[in-house]
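A short reminder: the numbers here are calculations on the coordinates, not readings from a lab. If you're wondering where the values come from, they're calculated on a predicted model, not measured in any experiment. Neighbour counts are summed over all protein chains in view; Cβ atoms, including those assigned to glycine, are modelled from backbone coordinates with ideal geometry.
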């Protein structure tokens with residue numbers, strides 16, 4: 001239960017030299033990192049699900065409610081990131097407020113979320129790439145785009161086994177190499193990718209606006225069917241629960257705190273700015289989509305945007321949306337890998353993981369050994385493990401991290417109210433408590449197998465902590481012995 005002092009974390013943040021991460025990220029880079037992971041393929045699929053099954057055209061209100069719920073946690077992250085501008089995000093914040101064991105639990109959980117998330121997204125990225133290229137009569141051999149555990153029926157009716165998902169492996173390797181070369185270069189690549197992705201969303205909004213049929217908004221809030229969550233006011237809130245997961249990702253901005261220039265100012269801008277921009281885009285996107293087609297047309301559709309586009313003369317936009325999904329997935333993989341390696345970096349510096357994960361490249365000033373190991377593991381996972389049911393592209397662990405951060409703000413305000421804070425979460429403890437309530441509600445709504453996975457993963461993590469981490473903890477070994 002030993003805790004890292006805020007003063008110690010601030011001294012670590014002020015360290016310079018070739019063994020530390022390079023501060024090269026400005027507010028635009030940080031906002032782009034947040035947008036990069038928030039705007040994924042979920043926007044193009046979950047919007048239709050929420051409209052067709054829960055909220056109808058009022059799905060726009062669902063997005064606003066979800067954003068407000070997410071903002072409670074975002075404000076808490078912003079205060080911590082301005083006070084403790086070091087890598088590690090929720091792991092580091094929990095270390096300072098709740099103690100080493102809780103910090104390990106959060107850090108270990110984020111390992112699962114970022115790693116498995118990056119591999120899963122890489123597999124989906126491969127599938128969309130194959131679909132995109134097929135429009136231009138460019139094809140991969142079926143064996144090279146599926147795992148060995150998958151069978152594929154070819155056009156002639158024959159069935160073959162996959163060998164390895166080559167595109168998924170290559171995208172992980174490419175992005176790992178990009179990250180090793182330096183955070184500034186990775187951030188520039190991410191800005192380009194995010195700009196293209198936002199461009200497609202804006203084009204959809206701008207071109208689709210002229211073809212909105214006002215009749216599709218009637219009724220704006222469909223009458224409840226008698227079942228909670230199926231339209232009516234309860235449907236808007238249930239829809240908010242569905243689209244809430246689209247917003248998760250801004251927390252990865254906090255993992256980049258040790259590479260931010262002027263972090264006290266820029267970290268809150270990056271975290272809150274990315275959330276505000278995405279809320280505006282998502283609200284307009286959902287408004288246009290439900291205006292182009294009646295919400296009932298999206299039921300049981302995996303591609304609701306394609307249905308909306310059919311009501312415009314811009315058939316080419318369907319292909320542009322697939323391209324946007326590919327681009328969106330690329331930036332999600334990039335940010336997941338960045339966030340993962342920075343959590344490992346912090347845990348390694350604290351002695352809870354082997355030292356090689358915090359060894360910094362003398363030229364690029366990136367944790368290159370950790371990047372290589374993680375890249376190799378995740379690429380193998382992406383190449384040889386089949387994608388089953390992706391479900392919501394989110395995790396129970398991220399929500400658990402949100403709860404820890406909100407709780408940490410309350411604890412730190414009570415224990416050390418005098419500490420200087422470049423950004424202060426308003427209305428404490430009301431905002432953190434609302435953040436905790438929101439996240440608990442989302443966790444409770446997740447399926448049972450998600451909870452089982454979390455418990456099993458944490459059990460493995462606790463075994464590693466007590467057999468390795470606790471014995472090698474720098475903070476623990478520095479404590480006076482009885």
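Taking Cα centroids, how far is region 134-160 from region 220-298 in Å? Each part reduced to its Cα centre gives a spacing of 36 Å. Approximating the spin labels as points 7 Å out from Cα along Cα→Cβ, the residue 131-to-residue 230 distance works out to 2.8 nm.
Listed by Cβ neighbour count within 10 Å, with the fewest neighbours leading, 95, 295, 314, 414 appear as 414, 314, 295, 95. For region 404-482, the gyration tensor built on C-alpha atoms gives an oblate shape. Its axis ratio a/c (a ≥ b ≥ c) is at least 1.5, and a/b is not larger than b/c.
When you count the other C-beta atoms within 10 angstrom of each residue and take the mean per peptide, 154-164, 224-234, 425-435 line up highest first as 425-435, 224-234, 154-164. Once C-alpha pairs closer than 8 Å and six or more residues apart are averaged by separation and normalised to the residue number of region 396-446, the relative contact order reads 62 percent.
Each of 93, 128 was scored by other Cβ atoms within 10 Å of its Cβ. Arranged with the fewest first, they read 128, 93. As a length-normalised measure over Cα pairs under 8 Å and 6 or more apart, the relative contact order of the chain settles at 33 percent.
Based on the Cβ-Cβ distance of residue 466 and residue 143, what FRET efficiency does E = 1/(1 + (r/R0)^6) give at R0 = 60 Å, to the nearest 0.05? That gives a FRET efficiency of 0.85.
Between residue 177 and residue 416, the C-beta separation translates, for a Förster distance of 25 Å, into a calculated FRET efficiency of about 0.05.
Placing a pseudo-label 7 Å from each Cα along the Cα-to-Cβ vector at residue 276 and residue 449 gives an inter-label distance of 4.1 nm.
Only DSSP H runs of four or more residues enter the estimate; each adds -39500 (n - 2.57), and after division by the residues of the chain the mean residue ellipticity at 222 nm equals -21000 deg cm²/dmol.
When you count, for each residue, the other Cβ atoms within 10 Å and take the mean per peptide, how do 258-265, 72-79 rank with the highest first?
In descending order of packing, they fall as 72-79, 258-265.
For region 332-367, the residues whose backbone nitrogen is under 20 Å from a point 7 Å from the Cα of residue 2, taken along Cα to Cβ, are 345-356, 358. When each of 246, 111 is scored by the number of other beta-carbon atoms lying within 10 Å, the sequence from fewest to most is 111, 246.
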